[in-house]
Amino acid sequence: MTPDQPELKMDAENLYKEEVFSDQRLGTIRKMTPVNADGEIDSSRDVQFIGAAQLMTPAGPLPLNFVIEADSLAAAVEAFGDNAQQALDQTMEELKELRRQQQSSIVVPQVDPTGGIAGGPPGGKIQMP
């Protein structure tokens, strides 16, 4: 391993068993049950529910992943739609902000050390051959 590569090591204190539930229509819910390194349930940590959906847009599929605050699978199923809508709204706001930033960016030519524009003649003066 070289110094600029990350260490590829699993965190034995942060393991989860994953179960996937789907309605085969709108999306999936992943139930993440905390376990210890022996695979036994770790009751000192909470079960997590993570929703996933994919919406078709004119630009192609838009994946949505979001945490569902619930204490049971039934509650996660009930909350799925509202959480998916919140994730979609947040994603659309982030896309709008990226568009605003891109539209407001100003392209400034870089100046080289001799005072000219990078890639152009030195001194910034027009020179005729």
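The values are calculated or read from the model by the stated rules, or taken from the named source; none is laboratory data. Every value quoted in this text rests on a predicted model; they were computed, and no experiment measured them. For neighbour counting, all protein chains shown are included, and Cβ atoms are generated from backbone atoms with ideal geometry for every residue, glycine included.
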Residue match in segment 73-80 (condition: at pLDDT 95 or above and of a type outside the set (A, V, I, L, M)): yes
Residue list for segment 36-88, restricted to those being within 22 Å of Asn14 (Cβ to Cβ), small (Gly, Ala, Ser) and touching a strand residue (DSSP E or B) at 6+ places or on another chain (Cβ under 6 Å): Gly51, Ala52, Ala70, Ala76
